[in-house]
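S.K.: Handing you a structure now.
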Amino acid sequence: MQVVPDGGFSVDLAELGGVAGQIGVAYDDLTTAISQYGQETPSAGDFGSQVAGSWSDFDGAWAQELNVLGLAISEMVSKIHTVGSNYSTADSANVRNVDGVAG
Amino acid sequence: MSALSDLQGCQSTIDSAWSIVAAPLLAATIDSALGVPAPDGSPAAIRAQGGAYLKAGATCGQVAERLDDVARNKLPAAWRGDVAETASQAVSALSDDGMIARNVLGQAGKALQAWADNLAAAQRDDSSGRDILRSAKSRLGPLGGLLSSLIEFGDPSDFVIAVEEARTGIASMVTAAALAQNSGEATASLLTYLADQARAERAESGGLDPLDAVVLASQQNAASDGGGDILTAAELTRASALMTGMSPAQQQAFERLLANAKSPAEAAYLMKALAAGNSLAVIQRFDALIHPYGNDLAWLSQHLAPDLASGTYDGVSFYHWPNLKPGYGYDTYSQGGVNDCVAASTVVALASLDPVFMLKLTTGGRPGVPGSDSLSAFENRLHQVYISSYQTGQRADGDPGVYPKVDGGLGSAGENVLANSDLGTATGTPYHYVSLSGTGDNQAVLSQVQKTVDSGQPVPIDVTNGNDSHQMVIIASNGGELEIYNPWGYSMWVTNQQFVSNQLGALTNSQPPGMPTAFGIELPSS
């Protein structure tokens, strides 16, 4: 999505690292949820002929939904890390430039 | 025939056996009842799976809460600016998906545990009923009472006991089959509804990257009535598939539109426009019109999504006196005094599917021009489209003239033409007319109706009271109920049972006598 500059931003790199860590913990929790989701291995027939088809559709759809959510959270962690390192690089460059002027 | 109806047939025969002469028929009927399959399934396995869903759902709740804290507090504290705002929206969408997972898995877990309990009870009752029936059969002797009075009944009271046992046994089996059937249907219906709440996976399987898929799937209308999803499950699937089918240059151009959107909601409306079958060029022009309002979520919702729950525009009713019940006055979307219910219901269903069409109605394609989106301008455009669609339908019916010269409503030919030209185009699926002639037909189509509206495709429905007839549109389902939009300008929920048993009169009672009986629907071809 587009970001229209609003003329200013601020970043606390240490805090941003903490944010990535928190999202990482959420990812770990989701991995636990995915394991819990798949811990039983029933067959469709166990649910009775009336329910078997609906259960199969439900179970397959939600197994995939949880996987997609996991991938999305992981992508978010990676983006936050990238943002952090980009700002960090930009800060270093600014420091070098300032040093050069001063020298 | 279901196990329940087969057993009810046996019960009727057994209950009417009163003379020893009926002994052979009684024996044969007991054999028939014993031949009906018992309720199948493993309650233990179902209960265990329900427990797994409940555990996974609770953990998803923790995921959602942690992400919500990041989106609301931790991220804004660490990072400020427009990029940070977009990142917070994305984390918030992840949290929303986690919360949906918590709710869905919680509901599914509880439903499966209830199904396990009911199935266990049904199997227990069925088994004991069968034991009693076998006992009754054994009293009738090895020949099943064929030579009853001559040889097999040393004591005539054995026959009386056999009949009593047979009645008890079959009653127990019927009770069991009814419990299994009703509970099984309700469980299957709920699981079908909940399966369609897994929306991000549909978008992802169509080619979107996982984060975009979750963010787009979670976008909600910011309408005064609570909104609802901008993209239905079917729209996510269709838009993703259409993106995959684009040429590389077109795909790049469309992805650029998505990337340049000022908010995830703007991007979601672009996806919705694609799903409705609009070309890239049309979507580019559409985006040029809405982009200035891309981060104004209320504007987007008011101008791109009809509020069918309350039948209002921008939260304002037209010619709707205060405290009037729905239907007792002309609301914004009402067809008014013209017999164009088919056109009005189809046009409004199209407006809910296609934001490009809705923008034309709300602004005339000139957003920002003073007065272009006034209530009266919108209302005029809407009614012009109702009338022109009505006239198209009348021509398809072969009427001797068109409105205002002729105003007799539309027949099935006109109805089918409008369903296909509007809804068929916007959903990418041709519609066909299905005649309904009683509760059996209604029951037979119920699951397809639910599946269709669960995925976001509207289903036009014709109702009658024997004299008058009317068309409405089924627009949503929650597993146990259907939401029906009446082109008199409002929506109401009815239970599945009301649909099946033709008790839909409440939807049209504002102009008595109501029209309770469904006699036809338009269904997309699968």
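No value in this document is a laboratory result; all are computed from the given coordinates. As the structure is a prediction and not an experimental result, all values here were calculated from the model. All Cβ positions, glycine included, derive from the backbone under ideal geometry; neighbour counts span all protein chains shown.
S.K.: Rounded to whole Hz and in sequence order, give me ³J(HN,Hα) for the range B:496-512 from the Karplus expression 6.51 cos²θ - 1.76 cosθ + 1.60, θ = phi - 60°, writing x for Gly and Pro.
M.R.: 4, 5, 5, 5, 5, 9, 6, 10, 9, x, 4, 5, 10, 5, 5, 10, x
S.K.: Please list, in order along the range A:10-18, the HN-Hα scalar couplings obtained from phi with the Karplus expression 6.51 cos²θ - 1.76 cosθ + 1.60 (θ = phi - 60°), rounded to whole Hz, x for Gly and Pro.
M.R.: For the range A:10-18, the Karplus curve yields 9, 9, 10, 4, 5, 5, 5, x, x Hz.
S.K.: State log₁₀ I(q)/I(0) for chain B at q = 0.08, 0.09, 0.11 Å⁻¹ as given by the Debye formula over alpha-carbon point scatterers of equal weight, solvent excluded.
M.R.: Log-scaled intensity ratios, in q order: -0.64, -0.76, -1.01.
S.K.: How would B:Thr13, B:Thr452, A:Thr89 line up from fewest to most surrounding beta-carbon atoms within 10 angstrom?
M.R.: Details: B:Thr13 18, B:Thr452 24, A:Thr89 10.
Ranked by crowding around the Cβ, least crowded first: A:Thr89, B:Thr13, B:Thr452.
S.K.: Taking 7 Å along the Cα-to-C-beta vector as the label spot, tell me the B:Val434-B:Ser32 distance in nanometres, rounded to one decimal.
M.R.: If labels sit at B:Val434 and B:Ser32, their model points lie 3.0 nm apart.
S.K.: Let me ask you something else. Mind checking the angle between helix B:157-195 and chain B's longest principal axis? C-alpha axes, 0 to 90 degrees, to the nearest 10.
M.R.: With both axes taken from Cα atoms, the answer is about 10 degrees.
S.K.: To continue, here is another question. How do B:Ile30, B:Ile100 line up, fewest other C-beta atoms within 10 Å first? Walk me through the numbers before you get to the answer.
M.R.: Working: B:Ile30 27, B:Ile100 21.
By the 10 Å Cβ count, ascending: B:Ile100, B:Ile30.
S.K.: Further question: Using only the Cα atoms, work out Rg/Rh for the range B:3-69, with Rh taken as the Kirkwood radius, to two decimals.
M.R.: Details: Rg = 24.3 Å, Rh = 16.1 Å.
Ratio of gyration radius to Kirkwood radius for the range B:3-69: 1.51.
S.K.: For the protein assembly as shown, place one equal point scatterer on every Cα, skip the solvent, and apply the Debye formula. What is log10 of I(q)/I(0) at q = 0.06, 0.07, 0.12 Å⁻¹?
M.R.: Computed log10 I(q)/I(0) values: -0.43, -0.57, -1.23.
S.K.: Within a Cβ distance under 12 Å of B:Leu67, other residues only, what is the Lys/Arg minus Asp/Glu net charge? Kindly include the intermediate steps, with their values, before the conclusion.
M.R.: Values: positive: B:Arg66, B:Arg72, B:Lys74, B:Arg102; negative: A:Asp29, B:Glu65, B:Asp68, B:Asp69, B:Asp96, B:Asp97.
Cβ neighbours under 12 Å give a net charge of -2.
S.K.: What list of ³J(HN,Hα) couplings, whole Hz, do you get for the range B:105-114 from phi and the Karplus terms 6.51, -1.76, 1.60, once you set θ to phi - 60° and write x for glycine and proline?
M.R.: My calculation for the range B:105-114 gives 5, x, 5, 5, x, 5, 5, 5, 5, 5 Hz in order.
S.K.: Sticking with this one: Compute, for the range B:370-526, the length of the dipole vector about the Cα centre, with Cβ point charges of +1 (Lys, Arg) and -1 (Asp, Glu) only. Units Debye, rounded to 20.
M.R.: 80
S.K.: For the range B:5-69 and the range B:255-270, write down the distance between their C-alpha centroids in whole Å.
M.R.: 49
S.K.: Sticking with this one: Give me a single rounded figure for B:107-117: the average over its residues of other chain Cβ atoms within 10 Å of their Cβ. Walk me through the intermediate numbers first.
M.R.: On the way: counts 0, 4, 0, 0, 2, 4, 0, 0, 5, 3, 0.
Average per residue, whole number: 2.
S.K.: Pairs to check: B:Lys74/B:Lys110; B:Lys272/B:Lys451; A:Lys79/B:Lys262. Give those whose C-alpha atoms are more than 22 Å from each other in this structure. It would help to have the intermediate numbers written out before the result.
M.R.: Values: B:Lys74/B:Lys110 34 Å; B:Lys272/B:Lys451 20 Å; A:Lys79/B:Lys262 19 Å.
Pairs exceeding the cut-off: B:Lys74/B:Lys110.
S.K.: Taking just the alpha-carbon atoms of the range B:444-496, what radius of gyration and Dmax come out, in angstrom?
M.R.: Cα radius of gyration and Dmax of the range B:444-496 are 11.1, 34 Å respectively.
S.K.: Going by alpha carbons, how many degrees (0 to 90, nearest 10) lie between the helix axis of B:439-454 and the longest principal axis of chain B?
M.R.: The angle comes out near 40 degrees.
S.K.: Around A:Asp29, with a cut-off of 14 angstrom between Cβ atoms, what is the net charge of the other residues, counting Lys and Arg +1 and Asp and Glu -1? Could you put the intermediate results ahead of the total?
M.R.: Working: positive: B:Lys55, B:Arg66, B:Arg102; negative: A:Asp28, B:Glu65, B:Asp68, B:Asp69, B:Asp97.
That sum, taken over residues with Cβ under 14 Å, equals -2.
S.K.: Using only Cα atoms, find the angle between the long axis of helix B:23-35 and the longest principal axis of chain B, and express it within 0 to 90 degrees, rounded to the nearest 10.
M.R.: Taking Cα atoms only, the helix is inclined about 40 degrees.
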